[in-house]
Amino acid sequence: MKKLIYCLLFFPLLLSAETNESDSLKIKANLSLTGFWQSGNVETLIFRAKSDVSARPGKKWIFQTKNSYVYQEFGKQKADEDILSLNFVYFNPEQKIHPFILGFLSTNFRREIDLRYLLGAGATFQLLNKKSHSLKFSISSEYEKTEFSKTNFNRSEYDGNRSLSTFRGTFWVNGKYYLQKKKIILSHEIYFQPSLEKSNNYRWQADLALELPVWEFLNFKINYLNTFESIVIEKQKQEDKFLTVGFTLKNG
């Protein structure tokens, strides 16, 4: 199963994509590579790859897959290796309010998550949708199952369970803004996921980026990622933060 997840992640990286749901191109792509490296008395490596591929087979629907990979090591010892694959099918994307279905796959080395998947559906409300800026809100509901490698958690009521399942609601806020005659690009992808069954089971993620165009197909990028999980393996911290710099490659 883990090999399948790697294939789902790295095949889109060959195309690397990012698109608005209403874009007229049938396929649009970008790839972001950011990281940090230090050697000497302290050896540190942080690497993040993020791709976004969108295909528009017809006027009535769009398929979009967003994939990311995070790797960290300190003193040549692996500390993190995370895979996240977000897959959507949007229907009637030209409408201000339109439905979608989704499927997520993820793994997380430090949190000792062998596999997590979500399946669900929801609707998007496009508040702004212009060439210079876009802002949209979405709400969805999903069934989630997570398989852990250990069974002792920070909340004792979950101890002894290698697999945890729940129904979730998700609230999304995504935006992209072109400033100073497109010399500065700000973007954010934020979501909050509470369980619909357990009030102490929730998570969020905030992915913020600043890009400076260098060339038609290349941007310099600064990326900040903040993730939080309320239920983690015992003695693990609930929050992770990553600040990386690098480049975005795009096809237009």
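The values are calculated or read from the model by the stated rules, or taken from the named source; none is laboratory data. Here the structure is a predicted model, which means the values were calculated and not measured. Note that each Cβ is placed from the backbone with ideal geometry, even for glycine, and that neighbours are counted across all protein chains shown.
Below is a table of values for the structure above.
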quantity	calculated
The lone exception for ALA79 - which of (1) surrounded by 18 or more Cβ atoms within 10 Å (Cβ to Cβ); (2) within 17 Å of GLN238 (Cα to Cα); (3) modelled with pLDDT under 90 it fails	(1)
Tally, over the stretch 88-111, of residues that are touching a residue at least 24 places away in the same chain (Cβ under 8 Å) and either closer than 24 Å to GLU229 by Cα or among the hydrophobic types (A, V, I, L, M, F, W, C) (or both)	14
Candidate set: the stretch 200-252, residues that are out of contact with any Gly (no Cβ under 7 Å at 6 or more places or on another chain) and of a type in the set (Lys, Arg); chosen: the one modelled with the lowest pLDDT	LYS250
Odd one out for ARG110, checked against (1) under 30 Å from LYS183 (Cα atoms); (2) modelled with pLDDT under 95; (3) crowded, with 16+ Cβ neighbours inside 10 Å	(1)
Among the candidates ILE231, ILE222, ILE190, residue that is among the aliphatic types (A, V, I, L, M), touching a residue at least 12 places away in the same chain (Cβ under 8 Å) and not in a strand (DSSP E or B)	ILE231
Members of the stretch 31-68 found to be of a type in the set (Lys, Arg) and under 16 Å from the mean Cα position of the chain (by Cα), listed by number	ARG48, LYS50, LYS66
Subset of the stretch 117-127 (residues that are in contact (Cβ under 8 Å) with a residue 24 or more places away in the chain and over 17 Å from VAL89 (Cβ atoms))	PHE125
Qualifying residue in the stretch 48-55 (condition: surrounded by fewer than 19 Cβ atoms within 10 Å (Cβ to Cβ), in a loop (DSSP other than H, G, I, E, B) and either at pLDDT 95 or above or of a type in the set (Gly, Ala, Ser) (or both))	no
Given (1) surrounded by fewer than 17 Cβ atoms within 10 Å (Cβ to Cβ); (2) farther than 28 Å from PHE247 by Cβ; (3) among the β-branched types (Val, Ile, Thr), index of the condition ILE184 fails	(2)
Matching entry among ASP207, ASP114, ASP159 (being charged (D, E, K, R) and in contact (Cβ under 8 Å) with a residue 40 or more places away in the chain)	ASP114
Failed condition for TYR143, given (1) under 30 Å from GLU234 (Cβ atoms); (2) among the hydroxyl-bearing types (Ser, Thr, Tyr); (3) modelled with pLDDT of 95 or more; (4) surrounded by 15 or more Cβ atoms within 10 Å (Cβ to Cβ)	(4)
Members of the stretch 69-83 that are in contact with a helix residue (DSSP H, G or I) (Cβ under 8 Å, 6 or more places away or on another chain) and either more than 29 Å from SER39 (Cβ to Cβ) or not aromatic (Phe, Trp, Tyr) (or both)	ILE83
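Condition check ((1) of a type outside the set (Ser, Thr, Tyr); (2) modelled with pLDDT under 95; (3) at positive phi) across all residues:
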{"site": "ARG116", "(1), (2), (3)": "yes, no, no"}
{"site": "TYR158", "(1), (2), (3)": "no, no, no"}
{"site": "LEU164", "(1), (2), (3)": "yes, no, no"}
{"site": "THR170", "(1), (2), (3)": "no, no, no"}
{"site": "GLY175", "(1), (2), (3)": "yes, no, no"}
{"site": "LEU179", "(1), (2), (3)": "yes, yes, no"}
{"site": "LYS183", "(1), (2), (3)": "yes, yes, no"}
